[in-house]
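K.L.:
First the structure, which I've put down as structure tokens, then a few questions once you've had a look.
The values are calculated or read from the model by the stated rules, or taken from the named source; none is laboratory data. Only a predicted model underlies this, so the values are computations on that prediction, with no experimental measurement involved. When we count neighbours, we look across all protein chains shown, and the Cβ atoms used for this are built from the backbone with ideal geometry, even at glycine.
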Amino acid sequence: MEKDKVVVALGRSAFGNTLPEQKKKVSLAAKAIADLVAENYEVIITHSNGPQVGMIQTALTEFSRIDPEFTAAPMSVCSAMSQGYIGYDLQNAIRTELLNRGIFKPVSTIITQVKVDPFDPAFDAPTKVIGRFMTKNEAEIEEHKGNYVVYEESNAGKGYRRIIASPYPIDIYEIDAVKALVDAGQIVIAAGGGGIPVLEQGTVLKGASAIIEKDYTAAKLADMLNASTLLFLTSAQKLSIEDESGAKKELGLLSSSDAAELVDKGYFNKTTTLPKVQSALNFVQAGEGRRAVITSLENAKDGMHERTGTIIC
Ligand SMILES: Nc1ncnc2c1ncn2[C@@H]1O[C@H](COP(=O)(O)OP(=O)(O)O)[C@@H](O)[C@H]1O
Ligand SMILES: NC(=O)OP(=O)(O)O
């Protein structure tokens, strides 16, 4: 009998912001994944990459400033590096966790490219803020190169930062490789950071200056693999909304039509919770018997058993 497939979308809280933090934090994600494997699910993993791709882009831009022989890396290359860097820590942490439980299952990371539309309106309205803070002068240089910048004031600092487009994922080029490995009983990490956004130009896949929202790609991946569950592991145990009186209301089990109504009424934040709910709907409404679960990393197992979390079905 075919096993149920679960696509796990790991959010930023699974990785932290620095190299040592990531190395340490992935062990918690590895435990959640191993629990699913132990329950006989076929597991496919995808993940966030915002802080990491920002760090890589910052490092390579600084390097190109120090040594003019090295040009700054395009965003698509930074995305590819983030997939490799995160996949490396994650696959090793999962491998160790499985071996410690007496389970032998190969785990591998696939460098994954995702098709985007050159006419996607997102290219004219960038939304993903990345990289270090810049001075006004540095921001002007970026704008002169054709890049978008935004002024930000936050706990981390203030100044200008790059802001780039987040186009919608249309297709996943390496999907057959993912399927082959999953069919062979292996664990796959794919389409990290929403996948490397590419524009198809004849036989060439040209990297786009963009970062795809990983929640949308997670739904695309889960749909293409015909998974039964799309599990978002974020930092909140349940999604919450504010009702008309301003009181916080946690969301548990929701039908897709109830979730769609909340989306239409504008209850979700455009950059944090809306992509998850919209992706959950995209996945659930595209096939029979599907569900999306949104919960925290710590509650992954309970979320899968619908003992907690926000469940959209
Ligand atoms: N109403 C809400 N319900 C749940 N989480 C919320 C809500 N509003 C904001 N958040 C925050 O949104 C974050 C999820 O967005 P994001 O950081 O983009 O996701 P990810 O965990 O996938 O990286 C959560 O960590 C949570 O702190
Ligand atoms: N690519 C992406 O959506 O990453 P974050 O979840 O870190 O923003």
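K.L.:
Given the condition over 20 Å from Gly11 (Cβ atoms), assigned by TED's automatic domain parsing to the domain that holds Val182 and in contact with a helix residue (DSSP H, G or I) (Cβ under 6 Å, 6 or more places away or on another chain), answer yes or no: does some residue in the stretch 212-220 qualify?
P.N.:
no
K.L.:
Whether any residue in the stretch 79-101 is at positive phi, at pLDDT 95 or above and either assigned by TED's automatic domain parsing to the domain that holds Val150 or in a loop (DSSP other than H, G, I, E, B) (or both) is what I want to check. Lay out the reasoning, then the answer.
P.N.:
Of the stretch 79-101, the ones at positive phi are none.
Among the residues of the stretch 79-101, not one is at positive phi, at pLDDT 95 or above and either assigned by TED's automatic domain parsing to the domain that holds Val150 or in a loop (DSSP other than H, G, I, E, B) (or both), which makes the answer no.
K.L.:
Considering only the stretch 19-29, how many residues are within 14 Å of ligand 1 (Cβ to nearest atom) and in contact (Cβ under 8 Å) with a residue 40 or more places away in the chain? Please lay out each step first, then the result.
P.N.:
Going through the stretch 19-29, the residues within 14 Å of ligand 1 (Cβ to nearest atom) turn out to be 22, 25, 28-29.
If we keep only those that are in contact (Cβ under 8 Å) with a residue 40 or more places away in the chain as well, we get 22, 28-29.
Result for the stretch 19-29: 3.
K.L.:
Mind checking which residues of the stretch 43-56 are buried (at least 21 other Cβ atoms within 10 Å of the Cβ) and touching a Phe, Trp or Tyr at 6+ places or on another chain (Cβ under 8 Å)? Explain how you work it out, then say what you get.
P.N.:
Here is the first cut: in the stretch 43-56, the residues buried (at least 21 other Cβ atoms within 10 Å of the Cβ) are 43-49, 52-56.
Those that are buried (at least 21 other Cβ atoms within 10 Å of the Cβ) and touching a Phe, Trp or Tyr at 6+ places or on another chain (Cβ under 8 Å): His47, Ser48, Gln52, Ile56.
K.L.:
Give the residues of the stretch 209-235 that are touching a strand residue (DSSP E or B) at 6+ places or on another chain (Cβ under 9 Å), near ligand 2 (Cβ under 10 Å from one of its atoms) and not aliphatic (A, V, I, L, M), sorted by residue number.
P.N.:
Glu213, Lys214, Asp215, Thr217, Thr234
K.L.:
Can you tell me which residues in the stretch 183-239 are of a type in the set (Val, Ile, Thr) and farther than 19 Å from Leu90 by Cα? Full working, then the answer.
P.N.:
So the first thing to find is which residues in the stretch 183-239 are of a type in the set (Val, Ile, Thr), and the list is 187-189, 196, 198, 203-204, 211-212, 217, 229, 234.
Matches in the stretch 183-239: Val198, Thr203, Val204, Ile211, Ile212, Thr229.
K.L.:
Can you go through Ser209, Ser228, Ser166 and tell me which one is in contact (Cβ under 8 Å) with a residue 12 or more places away in the chain and closer than 26 Å to Asn299 by Cα? Before the answer, list the steps.
P.N.:
Details: Ser209 fails: closer than 26 Å to Asn299 by Cα; Ser166 fails: closer than 26 Å to Asn299 by Cα.
It is Ser228.
K.L.:
Quick one: which strands (runs of 3 or more DSSP E) lie wholly within the stretch 108-179 and hold at least 1 residues that are buried (at least 18 other Cβ atoms within 10 Å of the Cβ) and either over 16 Å from the mean Cα position of the chain (by Cα) or aromatic (Phe, Trp, Tyr) (or both)? Lay out the reasoning, then the answer.
P.N.:
Numbers: elements: 113-115, 128-134, 149-154, 157-164.
In the stretch 108-179, the matching strands (runs of 3 or more DSSP E) lie at 128-134, 149-154, 157-164.
K.L.:
Report the residue count in the stretch 30-61 for those that are within 16 Å of ligand 1 (Cβ to nearest atom) and hydroxyl-bearing (Ser, Thr, Tyr).
P.N.:
2
K.L.:
Could you give me the residue pairs with C-beta distances under 8 Å whose first residue belongs to the stretch 102-116 and is farther than 16 Å from Thr217 by Cα and assigned by TED's automatic domain parsing to the domain that holds Asp35, whose second residue is at pLDDT below 95 and surrounded by fewer than 17 Cβ atoms within 10 Å (Cβ to Cβ) wherever it lies, and which are 6+ apart or on separate chains?
P.N.:
If the second residue must be at pLDDT below 95 and surrounded by fewer than 17 Cβ atoms within 10 Å (Cβ to Cβ), no pairs are left.
K.L.:
Still on this model: Since Lys105 meets every condition but one in (1) under 23 Å from Tyr168 (Cβ atoms); (2) part of a loop (DSSP other than H, G, I, E, B); (3) touching a strand residue (DSSP E or B) at 6+ places or on another chain (Cβ under 9 Å), which condition does it not meet?
P.N.:
(1)
K.L.:
May I pose another question? Within the set of pairs 6 or more residues apart or between chains, which connect a residue that is closer than 21 Å to Gln113 by Cα and surrounded by 15 or more Cβ atoms within 10 Å (Cβ to Cβ) inside the stretch 57-85 to a residue that is modelled with pLDDT under 95 and basic (Lys, Arg) with Cβ atoms less than 8 Å apart?
P.N.:
Final answer for the pair search is Gln57/Arg162.
K.L.:
Hey, another quick one. All but one of (1) within 30 Å of Ser27 (Cα to Cα); (2) in a loop (DSSP other than H, G, I, E, B); (3) aromatic (Phe, Trp, Tyr) hold for Phe283; state the number of the condition that does not hold.
P.N.:
It fails just one condition, (2).
K.L.:
Suppose we keep only residues that are of a type in the set (S, T, N, Q) and surrounded by fewer than 16 Cβ atoms within 10 Å (Cβ to Cβ) within the stretch 230-249. Which one would you say is farthest from ligand 1 (Cβ to nearest atom)? Working first, answer last.
P.N.:
Within the stretch 230-249, the subset of a type in the set (S, T, N, Q) is 234-235, 237, 240, 245.
From the residues that got through so far, the ones that are surrounded by fewer than 16 Cβ atoms within 10 Å (Cβ to Cβ) too are 235, 240, 245.
Numbers: Ser235: 3, Ser240: 4, Ser245: 16 Å.
Residue satisfying both the conditions and the ranking: Ser245.
K.L.:
In addition: Would you check if there is a residue in the stretch 299-310 being within 15 Å of ligand 2 (Cβ to nearest atom), closer than 26 Å to Thr127 by Cα and either at pLDDT 95 or above or out of contact with any Pro (no Cβ under 7 Å at 6 or more places or on another chain) (or both)?
P.N.:
As a first pass, look at the stretch 299-310 and keep what is within 15 Å of ligand 2 (Cβ to nearest atom): none.
No.
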